[in-house]
Amino acid sequence: MHARDDITDLPDRRAFVDLLKDAVRDAGQRDTNLGLLVVDIDRFTQINVAYGYGFGDRVLAHLAARLGEVARPHDRIARVGDNRFAMILPRLMNRGHGELASQKVLRLLEIPFEHDDVRLRVPVTIGGALCPQHATHAGQLLGKAELALAIARKEDRRYGFAPDSAAAGTLSDQWDLEMELSNAIDRDELAMYYQPQVHIADRRVIGVEALMRWKNRKRGMVPPDVFIPLAERTGHIRKMTLWAMNTVLREVGQWRHEVGPLTVSVNMPSELVAHSDLPELLQNALQLFGSPSVRPMIEITERSLMAGDRVIAQLKRIRELGVRVSIDDFGTGYSCLAYFHKIPADELKIDKSFVSRLLTDTASADITMLIIDLAHRFDLDVVAEGVEDQATLDKLASSGCDSVQGYFFAKPMPAAECEAWLQRFVRADPGSSHGMLA
Ligand code: C2E
Ligand code: CA
């Protein structure tokens, strides 16, 4: 008997994978086409936040019912993620039929869902893929449908299908990259690098930021600016972040140096910050790998704070576990000065786009000073990112900035290299220039 999801009474993701494997095998034996649609509710976090979780559950049940109306007798529906459903469409004639099914789902969802005086048109994006045209393996077929969904959403379309091989063009590279990324942890291709943060006034090392690196066996180093957004779009980011948290606590806990307790910051994507199980996940990681010499911190972006009061309550719980909170890339996006005072945070990081223009652009310099001043009023430490030269460091020092991180002191380094750097740094005369230290 397959496991079912309580809210929608549909098979869950695990049960779905079995169903999909059976369907793929059956399609192979009968030599027919199989279609797979992945249907994802847009901005579901915001729906939950605005109308409550009870309402969110009803939206899920509503969508499950609409999919049931579209399904033919042999089609199968499952709930494969928090706000994600899948539909297996056996014996499709061609891609056109898959598109017709998508359009039918979208049409049914035009009719608003009503509950407790709220009327809402449930917004979804749909991605589709066909077997054997796009993949002949269940996991890959799901991956292709999910990537088609991510691309459709990025391009602001309501549905999209995996490209046919002739039309694949430059996209094919992205398909491969996504497949490779899904295996990166298992193949041991990910590593955490560490970049020191130095307190300006006394040149003490206060901590390190952990930054992920992906060395793919075929492509070599893939930049985080490429693979992190891809991981966020395809949902791999959750597993990767948990892996990062565990790895960082384990590695840094084993370092030997005389710096004293070291803060280690891990970047936390907004998807995880919004998810109610984050405190529990952090607690588990700390129980397994925590050590007294390591002080964990998470770096969250302003985007995470958009979700409002619920995230604020969540951050409070996280801080009660002894994990501090840093607001990353400050100034680049959705600045939320209005409720700045409510944010339970310990540190604010000024984005390197301001820091790099500090000496040449007076507006950047003014904004930086304002941010530092504001942060101090709310008792936050200020770290400037991307400090590459002495003149910028001096300017930050005179503006009252507390700490810096950047190539001027050190680039992000593998664990063993950073440990050695810390040993050298602490033994050097604190007043000497960084050139002697690094
Ligand atoms: P970020 O969080 O803003 O990280 C700071 C970036 O600035 C890092 O790029 C770092 O190598 C770079 N950097 C540091 N000092 C300097 C400097 O002096 N000059 C210049 N030009 N750059 C400097 P990196 O490592 O390539 O990471 C890029 C972005 O990828 C990060 O930006 C972060 O958003 C994301 N990222 C990296 N690792 C992780 C991770 O483990 N999890 C998540 N969710 N995101 C990550
Ligand atoms: Ca960061």
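The values are calculated or read from the model by the stated rules, or taken from the named source; none is laboratory data. From a predicted model like this one, the values you see are computed outputs, not experimental measurements. Here Cβ is always computed from backbone atoms with ideal geometry, including for glycine, and neighbour counts include all displayed protein chains.
So here's what we get for this one:
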quantity	calculated
Residue that is of a type outside the set (G, A, S) and over 23 Å from K104 (Cα atoms), where the choices are R43, R14, R58	R14
Residues located in segment 4-22, provided they are surrounded by fewer than 19 Cβ atoms within 10 Å (Cβ to Cβ) and part of a helix (DSSP H, G or I)	R13, R14, V17, D18, L19, K21, D22
Extreme residue, farthest from F330 (Cα to Cα), among residues of segment 273-288 that are more than 16 Å from ligand 1 (Cβ to nearest atom) and either in contact (Cβ under 8 Å) with a residue 12 or more places away in the chain or not assigned by TED's automatic domain parsing to the domain that holds I343 (or both)	L288
Filter result for T234 (among the hydroxyl-bearing types (S, T, Y), in contact with a Leu (Cβ under 7 Å, 6 or more places away or on another chain) and in the same structural domain as A397 (by TED's automatic domain parsing))	yes
Of the criteria (1) more than 27 Å from D202 (Cα to Cα); (2) at pLDDT 95 or above; (3) buried (at least 18 other Cβ atoms within 10 Å of the Cβ), which one L321 fails	(3)
Qualifying position, being more than 30 Å from F44 (Cα to Cα), in a helix (DSSP H, G or I) and more than 16 Å from ligand 2 (Cβ to nearest atom), among R233, R250, R256, R238	R250
Output for segment 248-267, where each listed residue is out of contact with any Leu (no Cβ under 8 Å at 6 or more places or on another chain) and within 11 Å of ligand 1 (Cβ to nearest atom)	V248, S265, V266
Selected residue (criterion: farthest from ligand 2 (Cβ to nearest atom)) from residues of segment 193-223 that are modelled with pLDDT under 90 and within 24 Å of K154 (Cα to Cα)	V222
Subset tally (residues that are at pLDDT below 85 and outside any helix (DSSP H, G or I)) for segment 294-312	3
Unmet requirement for H236, which otherwise passes all of (1) modelled with pLDDT of 95 or more; (2) surrounded by 18 or more Cβ atoms within 10 Å (Cβ to Cβ); (3) out of contact with any strand residue (DSSP E or B) (no Cβ under 6 Å at 6 or more places or on another chain); (4) not hydrophobic (A, V, I, L, M, F, W, C)	(1)
Candidates F161, F227 - the one that is crowded, with 21+ Cβ neighbours inside 10 Å and either outside the structural domain of S398 (by TED's automatic domain parsing) or among the β-branched types (V, I, T) (or both)	F161
The lone exception for E417 - which of (1) free of Cβ contacts under 8 Å to residues at least 40 places away in the same chain; (2) part of a helix (DSSP H, G or I); (3) in contact with a strand residue (DSSP E or B) (Cβ under 7 Å, 6 or more places away or on another chain) it fails	(3)
Scope segment 118-158; condition closer than 19 Å to F44 by Cα, over 26 Å from the mean Cα position of the chain (by Cα) and assigned to a loop (DSSP other than H, G, I, E, B); matching residues	R121
In segment 372-411, residue farthest from ligand 2 (Cβ to nearest atom) [restricted to those that are on the phi > 0 side of the Ramachandran plot, out of contact with any strand residue (DSSP E or B) (no Cβ under 7 Å at 6 or more places or on another chain) and of a type in the set (G, A, S)]	G400
So L37, is it surrounded by 14 or more Cβ atoms within 10 Å (Cβ to Cβ), more than 30 Å from the chain's Cα centre (by Cα) and part of a strand (DSSP E or B)	no
Selected residue (criterion: farthest from Y407 (Cα to Cα)) from residues of segment 343-362 that are among the aliphatic types (A, V, I, L, M) and in a loop (DSSP other than H, G, I, E, B)	I343
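Here's the yes/no breakdown for (1) under 14 Å from L34 (Cβ atoms); (2) touching a residue at least 60 places away in the same chain (Cβ under 8 Å); (3) buried (at least 24 other Cβ atoms within 10 Å of the Cβ):
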residue: H97; (1), (2), (3): yes, yes, no
residue: V105; (1), (2), (3): no, yes, no
residue: I111; (1), (2), (3): no, no, no
residue: D117; (1), (2), (3): no, no, no
residue: G127; (1), (2), (3): no, yes, yes
residue: Q133; (1), (2), (3): yes, yes, no
residue: L141; (1), (2), (3): yes, yes, yes
residue: K154; (1), (2), (3): no, yes, no
residue: R157; (1), (2), (3): no, no, no
